[in-house]
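Since the structure comes first, as structure tokens, the remarks are kept for the end.
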Amino acid sequence: MILLGVNIDHAATLRQARYKPAGAAMGGNIEPDPVALAALCEKAGADGITVHLREDRRHIHELDVRRLAESKGTRLNLEMACTPAMIEFALRLKPHSVCLVPESREEITTEGGLDIVKNREKVARVTDAMNAAGIKTSLFIDPDADQIELSAKLKAPWIELHTGAYANAYHGAGRAAEFARLVAGAKQAHAAGLVVNAGHGINYVNIAEVRTIPHLHELNIGHSIMSRALFTGIEEAVREMKRLMNP
């Protein structure tokens, strides 16, 4: 069985579109509540909840993350930048896992994998701190041989292969080559003893091919599930993705 982590950031994006000036994340008329949505996702079969606490707090807030961590039954995966402030926050929070991602104020969503070769010292500092605290660390990287090799050397137990380039090429000539990169990366990572996760741009169409990537442990999917939920409701959106992942 491939596990499903549901990224609920865009529930908070919708909340912030109306209530950002209120300066609060919950209470009164403020909606939707990402924590309530997370509970429905789990009820429908989600194996974990993923959130990205960004520096500019454009969607998820600290209060959301703390409430999720306190929710029984929630296996929380915290996406975070490699900054001292986020290290401190994660060590206080103690989520089940963290995923180290690149972060740019200009981007709408995370585009491209974290270059751990270029940022080796920063990544090593976070990975060592999380390992010491018993928090699983995943590195969100492109399916590049050097990135995968260094991930194993840094003793990060998990990687998350960035599937965005494949998703963008899905309806074009580059699809086969991008999928081959993912397959090769997954095989290399597995041989190096890494747990293989994947995410970004996975939807209800390309999942039929994505699920055949070897050695997959978990997929983290957000935008497509949130979009489908507008038509079917969140529980059916999660159940349908789980069925397609594990037919």
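The values are calculated or read from the model by the stated rules, or taken from the named source; none is laboratory data. The model shown is predicted, which means the values in this text are computed figures rather than measured ones. A quick note on method: Cβ atoms are made from the backbone with ideal geometry, for glycine too, and the neighbour counts reach across all protein chains shown. These area figures cover heavy atoms from the full protein model, side chains too; ligands, DNA and RNA do not enter into them. Shrake-Rupley method; radii C 1.70, N 1.55, O 1.52, S 1.80 Å.
Here are the numbers for the structure shown:
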read-out	value
Net charge, T137 excluded, C-beta distance under 12 Å - Lys, Arg +1, Asp, Glu -1	0
Most to least accessible of F231, F140 (protein chains only, probe 1.4 Å)	F231, F140
Solvent-accessible area of K153 with every protein chain in place, 1.4 Å probe, in Å² to the nearest 10	120 Å²
Charge dipole magnitude, Cβ of K and R +1, D and E -1 - segment 70-192, Cα centre, debye nearest 20	480 debye
Sequence of C99, C82 when ordered by accessible area, the most exposed leading, probe 1.4 angstrom	C82, C99
Accessible area of H10 in the full protein assembly, 1.4 Å probe (Å², nearest 10)	60 Å²
Dipole of segment 130-247, positive end: most advanced residue of L161, N131, A176 [Cβ charges, Cα centre]	N131
Surface accessible to a 1.4 Å probe, per residue, for the residues of segment 178-217, Å²	40 Å²
Relative contact order for the chain, counting Cα pairs under 8 Å that sit 6 or more residues apart, in percent	20 percent
Rounded Å value of the spacing that divides the Cα centres of segment 135-199 and segment 1-45	28 Å
Lysines whose Cα lies under 23 Å from that of K155, excluding same-chain neighbours fewer than 8 positions away	K94, K118, K122, K136, K187
Rounded to whole Hz, the Karplus (6.51, -1.76, 1.60) HN-Hα couplings of segment 158-164, x for glycine and proline	10, 10, 10, 6, 6, 9, x
Vicinal HN-Hα couplings computed from phi for segment 231-238 (Karplus, 6.51 cos²θ - 1.76 cosθ + 1.60; Hz; Gly/Pro x)	9, 10, x, 5, 5, 5, 4, 5
Within-10-Å neighbourhood charge of D47 [Cβ basis; K, R +1; D, E -1]	0
Per-residue ³J(HN,Hα) for segment 90-98, Karplus 6.51 cos²θ - 1.76 cosθ + 1.60, θ = phi - 60°, Hz, x for Gly and Pro	5, 5, 6, 6, 6, x, 4, 8, 10
For the chain, built as a Gaussian network whose Cα springs stay under 10 Å, the top-fluctuating residue of E218, E79, E62	E62
Segment 47-130, relative contact order [Cα under 8 Å, separation at least 6], %	25 percent
Sequence-distant residues sharing a close amide H with V98 (under 5 Å, placed H)	L78, K136, T137, S138
Magnitude of the charge dipole, segment 1-128, Cβ model with Lys/Arg +1 and Asp/Glu -1, debye to 20	280 debye
Check: the chain dipole with +1 on Lys, Arg Cβ and -1 on Asp, Glu Cβ, in debye	420 debye
Accessible area in square angstrom per residue, segment 54-162, 1.4 angstrom probe	47 Å²
Accessible-area composition of the chain, carbon plus sulfur, in percent [1.4 Å probe]	53 percent
